[in-house]
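Structure, as structure tokens:
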Amino acid sequence: LLRETVAVFNSGEGAHTLSIEASETLPCARVDTARLRQVLTNLLSNAIKFSPQGGTVTVGAKVEGEALKVWVKDQGVGIPPEAQLNLFSKFFRVDNRDTRSIGGTGLGLALVKEIVKAHGGRVWVESAVGKGSTFCFTLPLSSAPHVGNVEPQGSATQLRLLANTNNQLDASEKLL
């Protein structure tokens, strides 16, 4: 899913280089793939949009305790500390000289927060003005073996965020 989402943005043109930092052997997390794709798409889109000078955008994932931590890191304009408190609120937009001309509704990060929260995770940002931002979220790891479609929080499937391309996966799992 990470590779698939990054590939949508990685046309090879433009000033941004997209990379993935993740092990090929990440454990399963129970997710609604369409909603998780929406989260990753929103975070990647923002990383590119708020890095008008280009640079590297990194998508990563690793296990931390009982959760899978996923992040999108950019080398963009960054977010002032006082704006970070309201960043995930509906209709909130950072209003400063560097971001005024960048479009958006102020709903994307609020939606990211709600989707991650519905999955039992949390979301946060680490940022410094002029140095870029890292948006992070967690997803609880699945301790059960793959069981196909389950519906604890809407339509969800277990999937490996990164899968070894040599493995055979059934249709309910997504390859990167």
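The values are calculated or read from the model by the stated rules, or taken from the named source; none is laboratory data. Nothing here was measured: the structure is a model prediction, and the numbers come from that model. As a convention, Cβ positions derive from the backbone with ideal geometry for all residues, glycine included, and neighbour counts pool all protein chains shown. Side chains are part of the model used for accessible areas, which takes the heavy atoms of the whole protein and leaves out ligands, DNA and RNA. Shrake-Rupley method; radii C 1.70, N 1.55, O 1.52, S 1.80 Å.
Some points to look at:
- On a per residue basis, segment 38-95 carries 48 Å² of accessible surface, using protein heavy atoms and a 1.4 Å probe.
- Within the shell defined by Cβ-Cβ distances under 11 Å, the residues around A118 carry a net charge of +1, with Lys and Arg each +1 and Asp and Glu each -1.
- Packing rank of 40-47, 82-89, where each peptide gets the mean count of other beta carbons within 10 Å, highest leading: 40-47, 82-89
- In sequence order, calculated HN-Hα J values of segment 52-57 (Karplus, 6.51, -1.76, 1.60; Hz; x Gly/Pro): x, 8, x, x, 8, 10
- Within-15-Å neighbourhood charge of T134 [Cβ basis; K, R +1; D, E -1]: +1
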